[in-house]
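Remarks on the structure that follows.
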Amino acid sequence: MIKLSNIGELATYHPREGKVRINHNTELFISDQHITASTGEQVEKIIDCQGKLVTPGFVDPHTHPVFYRGRQDEFAQRLAGATYQEIAAAGGGIRSSIAGVRSASHDELIRRTSARLDRFAALGTTTIEAKSGYGLSSEAELKSLAVLGELNESHPLDILPTFLGAHAFPAEYSDLPDEYVELICDEMIPAVARQGIAKFCDVFCENGYYTVEQSRRILETAKNFGLTPRLHADEFEDSGAAQLAAEVEALSADHLMAISPAGIEALRSSKVIATLLPGTTFFLGQSNYAPARTLLDNGITVALATDFNPGSCHIQSMPFIISLATIQMGMSLNEAFAAATYFAAQSLGIATSVGHLSEGAQADFIIWGVDHLAEIPYTVTDLPIHAVYKRGRKIFGLD
Ligand code: NIG
Ligand code: FE
């Protein structure tokens, strides 16, 4: 048994109490990679937390980490005045990441993605959802998911893979969108299911990308093959995607910057979790953050994620996302913290054992260099993380 001693402040969402609980001057016990009650079992190792803050590791339920290179060139174009949508309409955007993934070897993609996972770990994230979506051919989508599967085995982070063949239309199908949807439904989804390499299926449902009808067809097919739907919904414009998320019983509807009152009503009477990505709004230089307050006040469960990707949000830090959620979206400290841990895990269907430090939970935690939870958003970028543990084992540390 491992003892975490000298915890100055222990902050965790408590599923049974339904709220964030803060305990002072306490300790935790770990047995067999999980949090356990202190039994008579012999303590073999003591981790001294030096009176500092301890929290669960962050769960990031929306990332796009399998790409070849960054898109700094497009970032420069945006700084010079072009919008994300203008760049995409001119053939850039998601499409400009396709050639790199298609021509990269499996090993090269492993190397590049693995380095990004190391960065997530150093920022306190211990579990991520990760999407394919920069291959947009059967071969390159399956290759991207195989990379995630291999890294889930070899890297300490837990990775929940999502098939996102419907991220954009590849150039060769730009005039034949319905044929590409057919390829997704008839070939890609069956192959993904056969190989067992994705848990979820996502679609970028947005004007100019996938229509509600196309998205419905893809997600219904995915469900028939045992994949759970989640959805990029109402990011730039309201297209009724939130209503579709409710209709297909998606686990999560993500973005929602442009959600309509009807979309809010649909989520309210469903179990869909609203996963908000304020890093994207910030990175795109916009100010129309998703209406977190309205969603929460309507009783809708809210999770937070980075949306880490090479185009619209090159941010991997969940602490920074918590800063944005509190400063820009009006979420309270406890709401944002719970949304980045417990509700993020719930949006991946893993909240029984992940996203909190109650008895029985996986021992994924952060020992901070600060004393109180409020210092996480307060610090903004000068990240005070002392050590990160996954299943009771140190995966990042300053000493
Ligand atoms: O979540 N919205 C769709 N996909 C990404 C953007 C990906 C990219 O630009 O490469 C997003 O914002
Ligand atoms: Fe995304």
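The values are calculated or read from the model by the stated rules, or taken from the named source; none is laboratory data. These numbers come from a predicted model, not from an experiment. In this analysis, Cβ positions are derived from the backbone assuming ideal geometry, glycine residues included, and neighbour counts consider all displayed protein chains. With ligands, DNA and RNA removed, areas are computed over all heavy atoms of the protein, side chains included. Shrake-Rupley method; radii C 1.70, N 1.55, O 1.52, S 1.80 Å.
Solvent-accessible surface of the chain, averaged per residue with a 1.4 angstrom probe and all protein chains in place: 38 square angstrom.
Rounded to the nearest 500, the 222 nm mean residue ellipticity of the chain from helices alone is -9500 deg cm²/dmol, with -39,500 (n - 2.57) taken per DSSP H run of at least 4 residues. Kindly express, to the nearest 10 degrees and within the range 0 to 90, the angle between helix 212-224's C-alpha long axis and the longest C-alpha principal axis of the chain. With rounding to tens, the tilt is 60 degrees. Between the listed residues His64, Ala11, Tyr289, the Cα displaced farthest toward the positive end of the dipole of the chain, a dipole computed from Cβ unit charges relative to the Cα centre, is found at Ala11. May I ask for the angle, rounded to the nearest 10°, between helix 138-154 and the longest principal axis of the chain, with both axes built from Cα atoms and the value confined to 0 to 90°? Result, in degrees: 10.
Could you tell me which of the pairs Lys3/Lys390; Lys45/Lys390; Lys3/Lys394; Lys45/Lys394; Lys131/Lys394; Lys223/Lys390 are separated by over 22 angstrom between their Cα atoms in the structure shown?
On the way: Lys3/Lys390 15 Å; Lys45/Lys390 16 Å; Lys3/Lys394 14 Å; Lys45/Lys394 13 Å; Lys131/Lys394 26 Å; Lys223/Lys390 31 Å.
Exceeds cut-off: Lys131/Lys394; Lys223/Lys390.
Panel note: the C-alpha atoms of region 275-399, placed on their principal axes, show extents of 40, 31, 29 Å (largest first). Summarise the long-distance tail of P(r) for region 152-257 by giving the % of C-alpha pairs beyond 25 Å. The share of Cα pairs beyond 25 Å in region 152-257 comes to 19 percent. A P(r) calculated from all alpha carbon pairs of the chain, with 10 Å bins opening at zero, reads 5, 24, 33, 25, 10, 2, 0 percent.
Charges only on Cβ, +1 for Lys and Arg, -1 for Asp and Glu: so what's the dipole of the chain about the Cα centre, in debye to the nearest 20?
Once rounded to the nearest 20, the dipole reads 760 debye.
Express the carbon and sulfur contribution to the solvent-accessible surface of the chain as a percent, rounded to the nearest whole number, probe 1.4 angstrom.
Carbon and sulfur atoms account for 48 percent of the accessible area of the chain.
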